[in-house]
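Okay, so here's the structure we're looking at.
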Amino acid sequence: MATPPNQPSALEPEALSRLAGGLAHELKNPLSTLSLHLALLREEWLDEAGAKARRSVRTLDTLQTEVGRLNEILEDFLRFARTDEIDLEKASLNDLVEEVVRFIQPEAQSQGVQIETFLDLEQPFLLLDRGRMKQVILNLLINARQALSIRKSGRITVITRPDSAAGYGVMLEIVDDGPGMTADTLAQCFDIYYSSKKGGSGLGLALVRRVVESHGGQVEIQSSPGHGTRVMIRLPRPTSD
Ligand SMILES: Nc1ncnc2c1ncn2[C@@H]1O[C@H](COP(=O)(O)OP(=O)(O)OP(=O)(O)O)[C@@H](O)[C@H]1O
Ligand SMILES: [Mg+2]
């Protein structure tokens, strides 16, 4: 049957994400040229004396900051757009948790935040994209740390355990005793670009969900004001060894 006239051809989400990823990638080169030329221009104005030169240097600094911000937005977006390409290998989820906790611990401690781990030592190897799964754990720990940073103390607990839900093998939980989320925030927290933070890009949890789902897993969050936040990730056990 012929396609009806004026019918827009729908792009599959995957094709759309590839297109947007390609565009973001193309924007990076002109942005870096822009940044380089701004720096050169700044050098020239720095050699000049007078109020006009000082004003120009300040304007160029503002432009450079904005170029940097655009670059960050593109980097975040590219990280998000590329989440479909996962590279699965046999890996230990516990090892990834320990690596990420070691990385974030010093900064958390300096904020008065304790991170405790309770890891299931009997845990089977899973099929994971190590880099992306580390990014998932890191995003969740950063969210928990940021939630606790308001009152400069608190506890984050990371747990791995067997999961009895049908079709899943392992549960990873990241729990914080921070302020928790309102029902509105909880309803929107996975939306791309939703953020309640100043300067937050709102890509963290969207990326978490995408990566977990591309591993055949599931994410659920329990949170309410005054009762902290519990993020639960279910991951499948490999079907064969
Ligand atoms: N552990 C938590 N405690 C309280 N609120 C949280 C927690 N984790 C996420 N949120 C809420 O969910 C929102 C979305 O989180 P998400 O990680 O997607 O974005 P972000 O942290 O705001 O920005 P980004 O991660 O991109 O820097 C947060 O802005 C915050 O309101
Ligand atoms: Mg975040």
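The values are calculated or read from the model by the stated rules, or taken from the named source; none is laboratory data. Keep in mind that what you see is a predicted model, and the values were worked out from it rather than measured. Note that each Cβ is placed from the backbone with ideal geometry, even for glycine, and that neighbours are counted across all protein chains shown. All accessible areas refer to the heavy atoms of the entire protein, side chains included, with ligands and DNA or RNA removed. Shrake-Rupley method; radii C 1.70, N 1.55, O 1.52, S 1.80 Å.
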May I ask you to verify whether Ile159 is assigned by TED's automatic domain parsing to the domain that holds Gln105 and farther than 26 Å from Ile73 by Cβ?
-> yes
How about the range 44-87: which of its residues are open to solvent by less than 80 Å² (accessible area, probe 1.4 Å) and aliphatic (A, V, I, L, M)?
-> Ala51, Ala53, Val57, Leu60, Val67, Ile73, Leu74, Leu78, Ala81, Ile86
Would it be correct to say that Ser201 is touching a residue at least 40 places away in the same chain (Cβ under 8 Å), within 12 Å of ligand 2 (Cβ to nearest atom), open to solvent by 30 Å² or more (accessible area, probe 1.4 Å) and not charged (D, E, K, R)?
-> yes
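From the set of residues in the range 132-157 that are outside any helix (DSSP H, G or I) and within 16 Å of ligand 2 (Cβ to nearest atom), which is modelled with the highest pLDDT? Can you show your working first?
Restricting attention to the range 132-157, the residues satisfying the condition of being outside any helix (DSSP H, G or I) are 150-157.
Adding the requirement that they be within 16 Å of ligand 2 (Cβ to nearest atom) leaves 150, 156.
On the way: Ile150: 77, Ile156: 97.
Checking each candidate, the answer is Ile156.
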With the checklist (1) within 13 Å of ligand 1 (Cβ to nearest atom); (2) in contact with an Asp or Glu (Cβ under 8 Å, 6 or more places away or on another chain); (3) open to solvent by 20 Å² or more (accessible area, probe 1.4 Å) in hand, flag the one item Ser214 doesn't pass.
-> (1)
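Is it the case, given these coordinates, that Ala187 is within 14 Å of ligand 1 (Cβ to nearest atom), exposed (fewer than 13 other Cβ atoms within 10 Å of the Cβ), more than 22 Å from Ile73 (Cα to Cα) and not hydroxyl-bearing (Ser, Thr, Tyr)? Walk me through it before giving the result.
Values: within 14 Å of ligand 1 (Cβ to nearest atom): yes; exposed (fewer than 13 other Cβ atoms within 10 Å of the Cβ): yes; more than 22 Å from Ile73 (Cα to Cα): yes; not hydroxyl-bearing (Ser, Thr, Tyr): yes.
Here the answer is yes, as Ala187 does meet what is asked.
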Selected residue (only one of Gly178, Gly167 is within 6 Å of ligand 1 (Cβ to nearest atom) and assigned by TED's automatic domain parsing to the domain that holds Arg230) = Gly178
Is there a residue in the range 31-43 that is under 28 Å from the mean Cα position of the chain (by Cα), closer than 27 Å to Asn139 by Cα and surrounded by 14 or more Cβ atoms within 10 Å (Cβ to Cβ)?
-> yes
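May I ask you to verify whether Ile156 is open to solvent by 50 Å² or more (accessible area, probe 1.4 Å) and within 12 Å of ligand 1 (Cβ to nearest atom)?
Numbers: open to solvent by 50 Å² or more (accessible area, probe 1.4 Å): no; within 12 Å of ligand 1 (Cβ to nearest atom): yes.
No; evaluated as a whole, the condition is false for this residue.
Among the residues of the range 206-227, write down those that are within 16 Å of ligand 2 (Cβ to nearest atom) and not in a strand (DSSP E or B). First the steps, then the outcome.
We begin by selecting, within the range 206-227, every residue within 16 Å of ligand 2 (Cβ to nearest atom); these are 206-212, 219, 221, 223.
Hits for the range 206-227 are Ala206, Leu207, Val208, Arg209, Arg210, Val211, Val212.
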Hey, any hits in the range 93-113 for a residue that's of a type in the set (S, T, N, Q), surrounded by fewer than 18 Cβ atoms within 10 Å (Cβ to Cβ), away from ligand 1 (no atom under 15 Å from the Cβ) and not in a helix (DSSP H, G or I)?
-> no
Can you find even one residue in the range 232-239 that is over 30 Å from Leu70 (Cβ atoms) and within 16 Å of ligand 2 (Cβ to nearest atom)?
-> yes
